[in-house]
Structures are given as C-alpha cells and as structure tokens.
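A short worksheet on the structure shown next.
The values are calculated or read from the model by the stated rules, or taken from the named source; none is laboratory data. Note that this is a predicted model, so its numbers are computed, not measured. Don't worry about glycine lacking a Cβ; one is built from the backbone with ideal geometry, like all the others, and counts go over all protein chains shown. For the accessible areas, the whole protein counts, side chains as well, though only heavy atoms, and no ligand, DNA or RNA atoms are used. Shrake-Rupley method; radii C 1.70, N 1.55, O 1.52, S 1.80 Å.
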Amino acid sequence: MPSNGEGTRTDMTTSLEPTTDGTPGSGGALTFPDGFVWGSATASYQIEGAVAEDGRTPSIWDTFSHTPGKVQDGDDGDVADDHYHRFAEDIALMKSLGLTSYRFSIAWPRITPQVDADSLGPVNEAGIAFYSRLIDELTAAGISPAATLYHWDLPQALEDAGGWTNRATAYRFAEYAALVTERLGDKLAMVITLNEPWCSAYLGYASGVHAPGRTEPVAALTAVHHLNLAHGLAVSAIRTAAPQLPVALTLNLAAVRPNSTSPADVDAARRVDGLQNRVFLGPTLDGAYPADVLADTAGVTDWSFVQDGDTELIHQPIDALGLNYYSPTLVAAYDGSGERPHADGHAGGAATPWIACEGVAFLDQPGPKTDMGWPIDPRGMTELLVRLHTEHPGLDLYVTENGAAFPDVLSPEGTVEDPLRSIYVGQHLAAVHEAIQAGAPVRGYYLWSLMDNFEWAYGYSKRFGIVYVDYATQARTVKASGSWYAGVIAANAVTAEAAARA
Ligand code: FCB
C-alpha cells in the first residue's frame with residue numbers, strides 16, 4: 001500500500017501558523033456551548049486484537065489482512081492495541097484526559113459468531129459481556145458511551161454469501177442491531193448504525209483496497225444500496241428494541257470543490273458530490289436517490305436492486321448525523337490527455353473507487369498535508385456542517401471523526417512531541433466553532449483517534465493517536481497533543497494559551 005505522504009511536510013509549521021483573524025492565535029478563546037461533547041473515537045478491528053477469543057469468528061478484515069499483499073508490511077489486527085485485555089487501562093487514560101464521551105465500535109463477529117445469510121444464529125454471551133463491561137467501566141469513569149454497530153468488520157460468513165451485495169446482509173444487520181440495543185441500549189448514550197458506508201461500498205467492492213477487496217463497480221453500487229437499506233432497517237429495529245436511545249448515522253462527506261467555474265469543472269464536482277454525499281444523504285434523509293446519480297451511473301447499472309418500498313424503509317427519522325472529516329476534494333473535468341490525476345486520498349488500488357467518473361480528474365492540492373498525504377484545510381468542515389444545517393435544519397450534528405496522522409517518535413525521555421497534530425486539531429475545532437456561530441447545531445467532537453492503531457490498508461505505519469502505542473510492549477504514552485486536548489476539554493474552549501501554542 002502506498003505511503004503517499006512522504007516529502008509533503010515541508011514548511012508545514014510556518015504555513016500552519018495560526019492566523020490573527022479570529023481563529024486560534026488571535027488572543028481570544030473560542031468557547032464552546034455548555035454541554036458540548038468532547039470525545040475520541042476508535043473502532044473494534046483497529047484496536048481490540050483477541051481475534052480468536054471468547055467465541056469471535058473471522059471478519060472480512062481478518063481474511064483480508066491475512067491475504068498477502070493487501071496490507072502494508074503484512075500487518076494484521078490479530079493483536080492490534082490489545083484493547084480487549086487492556087480496556088480498563090485505556091479507560092483510565094481517557095479519564096485522565098477528561099474525555100466526556102468515547103465512540104467505539106462493536107465487532108459483529110463477537111456478538112453473533114455463527115451468523116449466515118439465512119439467520120443470525122445464537123447470541124454469544126461472552127461478546128455481549130465484553131461490551132457490557134466496557135460500557136460499565138466508561139460510565140463509572142464519567143464517560144458517556146457512543147457505540148457504532150458497524151465499523152467494517154463484517155462476519156466472513158456473510159461475505160461468503162455475497163456480503164453487502166446480498167440483500168440478506170441488510171436484514172441480518174437489522175437483527176443484530178436489535179439484539180445489541182435490546183441488551184445494551186439502556187446503557188448507551190448514542191448508537192451509530194454505520195460508519196462511512198462510502199468506504200464499505202467503494203473501497204471494499206470497487207477499488208478493492210479495503211476488505212473484501214473486490215473490484216466490481218456493479219457490486220459496489222449494489223453495496224451502496226444494501227448499506228442504506230441496512231441503516232434504515234436497523235433504525236426501525238432499534239426504535240422497537242430501545243425506544244429512548246438516540247440513533248445516528250456517520251458519513252464521510254466530502255467537501256468537493258471544482259477547480260474553476262467552468263461548466264465542465266462544476267459538473268465534475270456535482271458528479272462526485274452525488275457519488276460520495278448525496279447517494280447516502282438522499283435516501284436516508286430525503287427518501288429518494290438523486291436522479292442525477294442514477295443518470296450518471298446508468299451505463300453501469302439500472303439500479304434494479306432497489307425494490308419497491310425500499311426508499312421508505314431507508315428513510316427513517318434519525319436523531320443526529322455524524323460527520324467524519326479529514327480533507328477536501330478538488331476536481332476538474334478530465335479531457336483524456338495525459339494520465340488522469342487521481343489524488344483523491346484513496347490511491348493505491350489497481351481499480352478506481354469512482355464509478356462512472358472517467359471524465360473526472362482528482363487534482364493534487366497545494367499546501368500542507370498529513371502523513372496520509374491528505375491536504376489540511378479546515379474550511380471544508382465548516383462548509384459541510386453549515387450545508388447539513390441548511391439542508392436539514394433541526395438535525396443534530398456531531399463530528400464523529402477528525403484528526404491527523406504524523407510520523408510520531410517516542411523520545412528517549414519517554415515523550416512524544418507532536419505539535420502538528422495540536423495545530424491540526426486546533427484549527428479544525430476553530431472550524432467547528434465557526435459552524436456553530438453560523439447556527440449549525442454541532443453537539444460534539446470526537447477526535448480520531450484515542451490511540452495509534454491498525455490503520456486498515458496502511459497497517460501500523462500511520463499514527464493517528466493522541467496516545468502513542470509501542471506495539472512491542474503495548475505501553476501507552478500520552479502525546480503532547482493529548483495533554484493539549486485535555487486542556488481544551490477542561491476549558492471547554494480552544495483557550496488563548498492553547499491557541500497560541502497551536
Ligand atoms: C476513517 C475511518 C477510521 C480511520 C480514519 C483515519 O475513514 O473511519 O477508521 O481509519 O479514517
């Protein structure tokens with residue numbers, strides 16, 4: 001897998017100096033609303049390890065990571081951060097940072113390890129017990145638990161029957177959602193159905209850089225629909241199982257920008273906005289697939305996998321939308337000359353995740369980038385939050401992920417100095433604050449990630465944590481950014497001091 005961030009950090013410190021126009025560094029603190037949720041986020045396969053313990057069966061990520069050539073350095077999640085055994089220690093760390101909430105995900109293969117396309121199979125009490133202990137420990141520490149039901153670790157048996165291309169997967173997911181929330185719902189602060197279905201569908205089934213590693217455009221669009229269906233069915237099931245529990249959906253929406261105001265560039269942006277954003281927002285929040293997306297992809301599929309009544313099943317009221325934001329996307333019309341630029345942040349696969357986008361160029365963006373090669377531009381987050389508020393007034397919003405990978409080093413003194421991460425987070429918190437000032441009801445922010453972990457196809461080569469993990473010893477060290485974030489939380493503000501340091 002590529003490491004496309006090399007050599008891109010020149011001048012980052014100077015180019016990221018805080019500005020003096022009201023964002024951090026101007027001397028004034030940016031205070032957040034009372035009760036603003038300060039969290040961090042992780043996902044089961046990225047941190048838990050213990051893949052064969054207490055009845056867990058393989059997920060598609062076990063299979064994929066053990067397939068040679070799929071993950072950088074041959075890494076896998078067998079041990080990861082060993083969080084399954086160290087969760088109490090990790091929660092103590094969260095408490096020391098002052099987090100008021102923690103977003104984690106539940107591994108489906110721990111809950112119903114014998115699931116297949118026809119039936120959920122028996123509940124694995126040991127799996128329920130693990131998450132029950134985790135939640136109780138969080139609650140005892142004063143940290144509100146927000147659980148994601150699906151952060152990509154689909155039971156392998158379901159993939160063997162077609163995975164997200166099989167409609168039955170959506171129905172099994174809804175049953176699993178009902179089971180989890182029936183058993184644990186009264187102890188949760190929020191449940192999130194899916195994390196980033198864009199990645200599940202397009203990276204899993206079109207470009208193949210994520211599990212299950214398929215490269216079939218029709219399968220990817222089929223997966224899009226079945227993920228949307230799974231979400232809608234799950235929301236209904238959760239309403240019955242745990243009527244009081246707030247339900248959300250987390251999307252990685254893109255701030256898509258055309259490279260110019262030319263009609264061709266603007267149309268390229270419309271097309272990408274459709275495939276990344278509106279193909280999920282449309283059915284889940286408005287009850288219909290956007291006509292232009294159906295037209296754009298008509299040469300690939302007639303969407304006959306959408307059955308009568310499906311859009312009604314998908315269109316269930318939710319309590320909040322979670323936005324995962326890392327960087328914006330810059331596109332232009334591609335005229336066919338030269339190699340098509342594909343700086344979409346998801347490079348590395350032999351195939352493209354962008355279906356019916358042969359006429360779109362994904363342009364490299366000048367300026368600072370993180371170790372992922374992702375451009376740093378917090379304005380995109382403000383734009384998206386304000387857009388969501390404008391298009392769906394009254395819908396609570398959360399930033400359910402935001403953060404940055406940098407090549408952190410543990411010093412001989414046992415410290416990790418990562419000023420670029422504090423700068424990144426400070427600037428993005430200023431962007432959240434700006435959206436709130438503009439009226440967007442942003443209720444909380446979850447920093448990705450609590451600790452360094454298995455970064456999917458990049459293995460352990462990318463460090464996103466505010467806590468450093470020494471994978472040889474599993475020792476945790478709070479990075480300078482972690483202490484900085486603790487200060488923000490304590491002040492409920494990006495303080496003048498912290499901003500100046502940013
Ligand atoms: C998001 C994923 C999360 C993590 C971050 C860096 O797309 O939801 O698991 O990998 O990117």
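Okay, residues lined up against (1) farther than 22 Å from Pro368 by Cα; (2) small (Gly, Ala, Ser); (3) at pLDDT below 95; (4) more than 20 Å from the chain's Cα centre (by Cα):
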site: Arg421; (1), (2), (3), (4): no, no, no, no
site: Glu434; (1), (2), (3), (4): no, no, no, yes
site: Tyr445; (1), (2), (3), (4): yes, no, no, no
site: Trp448; (1), (2), (3), (4): no, no, no, no
site: Gln474; (1), (2), (3), (4): yes, no, no, yes
site: Ala499; (1), (2), (3), (4): no, yes, yes, yes
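Pull up region 3-41, narrow it to residues that are open to solvent by less than 30 Å² (accessible area, probe 1.4 Å) and within 16 Å of the ligand (Cβ to nearest atom), then point me to the one that is modelled with the lowest pLDDT. The qualifying residue modelled with the lowest pLDDT is Gly5.
Pick from Ala350, Ala356, Ala405, Ala332: which is in contact (Cβ under 8 Å) with a residue 60 or more places away in the chain, hydrophobic (A, V, I, L, M, F, W, C), out of contact with any strand residue (DSSP E or B) (no Cβ under 7 Å at 6 or more places or on another chain) and under 24 Å from Ser260 (Cβ atoms)? Among Ala350, Ala356, Ala405, Ala332, only Ala356 is in contact (Cβ under 8 Å) with a residue 60 or more places away in the chain, hydrophobic (A, V, I, L, M, F, W, C), out of contact with any strand residue (DSSP E or B) (no Cβ under 7 Å at 6 or more places or on another chain) and under 24 Å from Ser260 (Cβ atoms). Among the residues of region 312-325 satisfying the criterion of being of a type outside the set (A, V, I, L, M) and either open to solvent by 30 Å² or more (accessible area, probe 1.4 Å) or free of Cβ contacts under 8 Å to residues at least 12 places away in the same chain (or both), which is nearest to Ala189 (Cα to Cα)? My answer is Asp319.
From the list Leu227, Leu184, Leu253, the one residue that fits, being part of a helix (DSSP H, G or I), within 16 Å of the ligand (Cβ to nearest atom) and not polar (S, T, N, Q), is Leu227.
Residues considered: Gly444, Gly439, Gly482, Gly465. Of these, the only one that is without any contact (Cβ under 8 Å) to a residue 60 or more places away in the chain and either open to solvent by less than 10 Å² (accessible area, probe 1.4 Å) or not in a loop (DSSP other than H, G, I, E, B) (or both) is Gly465. The residues of region 42-69 that are more than 13 Å from the ligand (Cβ to nearest atom) and either polar (S, T, N, Q) or touching a Gly at 6+ places or on another chain (Cβ under 6 Å) (or both), listed by number, are Thr57, Ser59, Thr63, Phe64, Ser65, Thr67. Looking across region 400-418, the residues that are of a type in the set (A, V, I, L, M, F, W, C) and open to solvent by 20 Å² or more (accessible area, probe 1.4 Å) come down to Val409, Leu410.
Could you check region 447-462 and list, in sequence order, the residues that are of a type in the set (Gly, Ala, Ser) and open to solvent by less than 10 Å² (accessible area, probe 1.4 Å)? Even if it seems obvious, please write down each step before you answer.
Residues of region 447-462 that are of a type in the set (Gly, Ala, Ser), as a first pass: 449, 457, 459, 461.
Selection gives Ser449, Ala457, Gly459.
Please pick out the residue among Thr473, Thr495 that is among the hydroxyl-bearing types (Ser, Thr, Tyr) and without any contact (Cβ under 8 Å) to a residue 24 or more places away in the chain. Quick ask: steps written out before the conclusion?
Working: Thr495 fails: without any contact (Cβ under 8 Å) to a residue 24 or more places away in the chain.
Being among the hydroxyl-bearing types (Ser, Thr, Tyr) and without any contact (Cβ under 8 Å) to a residue 24 or more places away in the chain holds for just one of Thr473, Thr495, which is Thr473.
When region 197-213 is filtered for residues that are surrounded by fewer than 23 Cβ atoms within 10 Å (Cβ to Cβ) and free of Cβ contacts under 8 Å to residues at least 40 places away in the same chain, nothing remains.
Determine which member of the set Gly127, Gly185, Gly162, Gly77 is at positive phi and not acidic (Asp, Glu).
That would be Gly162, the only listed residue that is at positive phi and not acidic (Asp, Glu).
In region 76-104, the residues that are within 20 Å of Ala50 (Cβ to Cβ) reach residues that are open to solvent by 50 Å² or more (accessible area, probe 1.4 Å) with C-beta atoms within less than 6 angstrom, at least six apart or across chains, in these pairs: Asp76/His66; Ala88/Glu137; Ile91/Glu137. A Cβ distance below 6 Å, combined with a sequence gap of six or more or placement on separate chains, defines the contacts here; from region 262-277, residues that are within 20 Å of Tyr289 (Cβ to Cβ) and of a type in the set (D, E, K, R) reach residues that are open to solvent by 20 Å² or more (accessible area, probe 1.4 Å) and at pLDDT 95 or above in the pairs Arg271/Asp296; Asp273/Val256. Taking the conditions (1) in a strand (DSSP E or B); (2) open to solvent by less than 10 Å² (accessible area, probe 1.4 Å); (3) out of contact with any helix residue (DSSP H, G or I) (no Cβ under 7 Å at 6 or more places or on another chain) in turn, Leu397 satisfies each one other than (3).
When Val306, Val331 are checked against the criterion of being in contact with a Phe, Trp or Tyr (Cβ under 9 Å, 6 or more places away or on another chain) and outside any strand (DSSP E or B), Val306 stands alone in meeting it.
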